[in-house]
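This report refers to the structure that appears directly beneath it.
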Amino acid sequence: MQQGRGFVLAVTLLAAAPAFAAPPTSAPAATPANPGTTANNGTGYDLWGRCPPLPPSPVAPLPPGAPPDDQQPTSLTADDVNGYVHGISIFTGHPKAVQGSRQLTAERMEYDAVTGKIHATNNVQLYSPNLAAHGNSADYDLNTASGVLDQANFQLPQRHGRGRATRMQMLDKNRNLLTDMYYTTCPVGKQDWMLHASRMLMDQSTNTGIGHNVVIDFYHVPIFWTPYINFPLNDARKSGFLAPSFGYSTSSGSDVTLPYYFNLAPNYDATLSPRYISQRGFDLGGEFRYLLEGGSKGQFDLNYLPNDKLANRDRGLFQFNDNTPFGAQPGWAFNTAYNWVSDNLYFQDLGDSLVAIASTIQERHAAINYASADGDLNFGGQFQGFQVVDPLIRPTSYPYRRLPQVTLDWESDAASQGPQYSLQSELVRFQREDRIGALRTDIKPSVSDTFGTAGYYFTPTAAFRFTDYSLNDNLLTGQQTHITRTLPILSLDSGLSLERDFDNGNYIQTLEPRLFYLYVPYRDQSNIPLFDAVQPQFSFLQLFTDNRYFGADRQGDANQLSYALTSRLLDGSDGSEIVEASLGEIRYFKDRQVQMQYCPLPTSCRTPTPPDTNLFSDVVGNLTFNINDEWSTSYGQQWNPYTRQTDLGAVGVQFHPAYHQVINLAYRYNRSLNLKQTDLSLDWPLGGGWSTVGRWNYDVQNRLTLESFIGLQYDSCCWTLQLVHRRFITQTGVADSQFFLELQLKGLATIGHRLEDFLQNGILGYSDPSPSH
């Protein structure tokens, strides 16, 4: 018996939510993610882990390379077969029709050899790898691959779905029509949510489903309705409405977005996202994405809110990015981006999700880059500008535009024997309104050689740094227009690597002392403007760098020796790290005269910044202890040997016994900033499918909560719910509150804000599938 594709009801909901369109999740030509078809999404979460096990299917898929089911031979078997005139046979006593991976059983089958039709009655069972269905009676035409299954109840194992239909009509081998259909992924005996369609047509030749009068109920309360819907039956993209999102904040009121997806072509698409904010008005947003031949891909994003009722002005956003590889020249790529917002409070007021944290800078650039296949040569060139959107940043502190910036870095093959050579170089033109500009050239060649074995190493390095400035724009009378700085940089890095076994080889302890000597002669640099120089916070890693500043505008003078000791405790069986402890400081043999002070004229700094005369740096140390597979702790401290006080300190403890079971507690201290903060976050099950998430970031010094959120999550077999309330301090120092809800009907759709990214950022270890140690 040829059952045809009509009986494979799994296509009704196998790939896309029948109530919503299926957009791509990355590039336009990419296949979209399919919620519900994957039990484990790679994070350790089993989507159907709370569901009872499904009964095993009596049929198996066809082996690879086998002809499809409708080309397989058909067999009809039964305990009793009775023949009648006109070619009609009656099959009773466990009658069974098998074709490939499909099977039809009933208590009684009537087969007409002339017409090829089968009439099955009483306990009709239909099986395929993607479907298990039963009904009162079925009629099927082997010649036309058409038929009817009355009072059909079905299960879709791959979707954990089940449902029923008054009538399942197979129009031909590609088209199926279900009348009065109900569908859910809840287990038998549960109807927490249910989709109902008065008519549902599935056409496998076009991979299209068409539904009429579609309603989704949640606990018998209708939450979605549409008179007509057109959706894909597989993973292909298709135009249509996406799941809506909604939230609430004290500053903006109710916030609802209903996106519509346009599948314009295989290589480009668009999404229109009208948004209603009750206290501000209607915001029209949209995005357009493209993927061109040769790998070029990009995206446009546009939002426009006319006459914000609270801000009393038009507001908007425009973002564009493109990345284009040069196919004919491997390693070459062109990248450009342009970002603009109407005002510096745009993200604070109109960020449409919890992860839309207010940005401080909107970057614009056009860049070309090259990286050799071996990674030894890297070239970059760009024009770069910025829009500052942080109201707390003063105009005098705005970053410079780079018009242009060209970099070329090269290093010799690290696998080769003998000396290693490298070159770091940059040519950049700085420009900013009402500030001095410059064309800066910075070249730093170096040579090093490493001597040693597995137990020790000895690496001398010699570098030469040449930096040249041609100053222009807004110069003071008498100020130099051309400045050159040249100096050598000499360093000697050495260390030992000692280890021992103990406890019968169960553990390995290492001892790794390290000495790093650095010599850089003094050059007066106070007449060099500060274009991109930054003095970073002192840390353990800075013990072994050749410049205490970031950027080329300052090269610190040095005659110093860094000494440090690191010890590790390793598991002898797999080498995993149990404990790591590091401690070090710098001994200075000469005062540090180079400072961040800028004096454009010899007389402009009547009180020069005094040199740093301390003989020793702060003592910096770090300790991490992975107590076991569940507990870990870290501790870092920067101690001033002169004041005998801690300048910086941080301690953290994490308990992470399993996926979605994590508690973090941290404390941070900064003496210079007068900062004392505690940070508590957790994701913890409460039982019965319930769990809680939360964070409390508290400023102890000012007795102020900087950010807090608390939420409840419920996870059942067929749906999950997340409720989160967040309170935070905005850029302007004003407290704001937000409320968000996300409802996921498993195997169907997610309604509400996407909270996953926010919770991952706010709770360390939230998405880790298992303890990291």
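The values are calculated or read from the model by the stated rules, or taken from the named source; none is laboratory data. Note that the coordinates shown come from a computational prediction; the quantities given were computed from them, not determined experimentally. With ideal geometry, Cβ positions are generated from the backbone for all residues, glycine too; neighbour counts draw on all protein chains shown. Ligands, DNA and RNA are excluded from the accessible area calculation, which covers all protein heavy atoms including side chains. Shrake-Rupley method; radii C 1.70, N 1.55, O 1.52, S 1.80 Å.
Quick look at the numbers
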item	result
Extended-chain gain in nm, criterion 0.36 nm per residue less alpha-carbon gap, VAL534 and ASP80	154.4 nm
For region 141-183: relative contact order, % (alpha-carbon pairs under 8 angstrom, 6 or more apart)	37
From the C-alpha gyration tensor of region 123-274, square roots of 5λ in Å	33, 21, 12
Among HIS725, PRO95, GLN479 - extreme Cα towards positive end, dipole of the chain, charges at beta-carbon	GLN479
Using alpha carbons only: equivalent-ellipsoid semi-axes of region 446-505, gyration tensor based, whole Å	49, 14, 7
Computed over region 273-329: relative contact order in percent, which uses C-alpha pairs under 8 Å that are six or more apart	30
Sum of -39500 (n - 2.57) over DSSP H runs of 4+, divided by residues of the chain (222 nm, nearest 500)	-500 deg cm²/dmol
Gain in span if fully extended, ASN378 to LEU675, counting 0.36 nm per residue against the direct Cα distance	102.9 nm
Separation of alpha-carbon centers, region 246-310 and region 62-76, rounded to whole Å	47
Percent breakdown of C-alpha pair distances by 5 Å bin, ordered from the shortest bin, for region 666-742	3, 14, 20, 19, 16, 11, 8, 5, 2, 1, 0
Net charge dipole size for region 649-773 [Lys, Arg +1 and Asp, Glu -1 on Cβ; Debye, nearest 20]	360
Sulfur and carbon atoms: percent of accessible area, the chain [1.4 Å]	56
Where a label projected 7 Å from the Cα of ASP112 along Cα→Cβ would reach, residues of region 64-87 with amide N under 18 Å	82-87
Estimated distance in nm for a label pair at ASP434 and SER737, the labels positioned 7 Å out from Cα along Cα-to-Cβ	4.1
Top positive-direction residue, dipole computed over the chain with Cβ charges, set GLY135, VAL214, LEU759	VAL214
Ratio of the Cα radius of gyration of region 49-89 to 2.2 N^0.38 Å, where N counts its residues	1.98
Per-pair calculated FRET efficiency, R0 = 35 Å: GLN701 and SER576 via Cβ, rounded to 0.05	0.35
Paramagnetic label zone (point 7 Å from Cα along Cα-to-C-beta, ASN640; backbone N under 13 Å) in region 589-627	614, 617-619
Rounded to the nearest 20 debye, dipole of the chain from Cβ charges on Lys, Arg, Asp, Glu	1480
Computed over the chain, Kirkwood Rh from alpha-carbon pairs, angstrom	32.2
Fully extended contour minus Cα-Cα distance, from HIS94 to TYR260, at 0.36 nm per residue	54.7 nm
Mean accessible surface per residue for region 215-303, computed with a 1.4 Å probe while every protein chain stays in place, in Å²	50
Region 523-574 and region 597-661: distance between their alpha carbon centers, rounded to Å	13
The chain, relative contact order [Cα under 8 Å, separation at least 6], %	8
